[in-house]
Amino acid sequence: MLEIFRIPSDLEESLIAFCGRQQCYNLQNLDAMKLDLSQSVGVYALYYRGDFSMYDPIKQANFNECCMPIYVGKAAPSGRRTGRATIGSTLYGRLSEHRKSIGAANNLKVEDFFFKVAAMEIDLVSWGEAVLIRHFSPIWNWEISGFGIHDPGSGRAGQKRSVWDQLHPGRTFASKLSTGDTPVDFNVLSVRIAAHCQRMKEKLGCP
């Protein structure tokens, strides 16, 4: 039988503990960290403390500290194997893109978002993102897709508007896309999010 190499479980636990020790910063103050974040790759988590009613369980979980991420992502150059880097490939670049997306939404505010980063060696980035997504199950990674997408461009005219863009309209490129034949049922989505957040609150020990 073929033997499969597996990452030791304590390595995943070490990453989760490392992220837990990192300071939480307000996204509107991102530029104060530009020098360090522009030179680093790694993973990051976004936390929400605003008044969008569907996210009230997340707001409550993050009331005293950053406990339940709403999104986890990674920053690493897609062209690293060929020596080419891409825009937004550093932690600062990727978080800047997210700040722009949040600022464009007509029902979200940048100042209601906080972030943590875990800078790491480039070969660990994809693994680190997968570990944190599995552990935290953020709703913008699972229940509400589309936050991290880029402008699909004119060659992708058939692409449908994401769930995130239907829930948080405002991004210019998304307004040009169709919702398709099955637009999002926000009542059903709200129930799923509440149930999901309750499970994660118990798992993570959030207030």
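The values are calculated or read from the model by the stated rules, or taken from the named source; none is laboratory data. Every value quoted in this text rests on a predicted model; they were computed, and no experiment measured them. Neighbour counts are summed over all protein chains in view; Cβ atoms, including those assigned to glycine, are modelled from backbone coordinates with ideal geometry. Heavy atoms of the whole protein, side chains included, go into the accessibility calculation; ligands, DNA and RNA do not. Shrake-Rupley method; radii C 1.70, N 1.55, O 1.52, S 1.80 Å.
Before rounding to the nearest 500, sum -39500 (n - 2.57) across all DSSP H runs of length at least 4 in the chain and divide by the residue total; then give [θ] at 222 nm in deg cm²/dmol.
Numbers: 8 runs with 77 residues, N = 207.
So the helix-based figure for the chain works out to -11000 deg cm²/dmol.
With +1 on each Lys and Arg Cβ and -1 on each Asp and Glu Cβ, how big is the dipole of the chain about its Cα centre, in debye rounded to the nearest 20? Show your work: numbers first, answer last.
Values: 24 positive and 21 negative charges, 93 e Å.
Computed charge dipole of the chain: roughly 440 debye.
What are the membrane-span-like helices in the chain by this rule: whole DSSP H runs, Cα extent along the axis at least 27 Å, mean Kyte-Doolittle hydropathy at least 0.5?
Numbers: long enough: none.
Membrane-span-like by this rule: not one helix.
With a 1.4 Å probe and every protein chain kept in, tell me what percent of the accessible surface of the chain is carbon plus sulfur. Before the final figure, lay out each step's value.
Details: 5880 of 11480 Å².
Here carbon and sulfur together make up 51 percent of the probe-accessible area.
Classify the range 1-146 as rounded, prolate or oblate from the Cα gyration tensor: take a ≥ b ≥ c as the square roots of its eigenvalues, call it rounded if a/c is under 1.5, otherwise prolate when a/b beats b/c and oblate if not.
On the way: a/c = 1.82, a/b = 1.30, b/c = 1.40.
Oblate shape, in that a/c is at least 1.5 and b/c is the bigger or equal ratio.
Among 7-15, 41-49, 62-70, 170-178, how do they line up by average Cβ neighbours within 10 Å per residue, starting with the highest? Please report the intermediate quantities before stating the final value.
Values: 7-15: 12.1, 41-49: 23.6, 62-70: 19.8, 170-178: 15.6.
With the highest mean Cβ count within 10 Å placed first, the list reads 41-49, 62-70, 170-178, 7-15.
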Provide the FRET efficiency to the nearest 0.05 for the residue 176-residue 111 pair, computing r from the beta carbons and using R0 = 22 Å. 0.20
Output the Cα-based Rg and Dmax of the range 89-207 in Å, rounding Rg to one decimal and Dmax to a whole number. 15.8, 46
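Rounded to the nearest whole Å², what accessible area per residue is found for the chain with the 1.4 Å probe?
Working: 11480 Å² over 207 residues.
In whole numbers, the chain has 55 Å² accessible per residue.
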Say we join alpha carbon atoms closer than 10 Å with springs in a Gaussian network model of the chain; which of 149, 133, 193 then has the biggest fluctuation? 149
Out of 15, 148, 32 - ranked by how far each Cα lies towards the positive end of the dipole of the chain, with unit charges on the beta-carbon of charged residues - the top one is 148
With a Förster distance of 41 angstrom and the Cβ-Cβ distance between residue 53 and residue 13, calculated FRET efficiency to the nearest 0.05 equals 0.75
Compactness of the range 1-43 - radius of gyration and Dmax, Cα, Å: 16.3, 53
Could you tell me what percent of the DSSP beta bridges with both partners in the chain are antiparallel, to the nearest 5? 95 percent
Suppose each label sits 7 Å from its Cα in the direction of the beta carbon; what would the residue 191-residue 32 distance come out to in nanometres? 4.3 nm
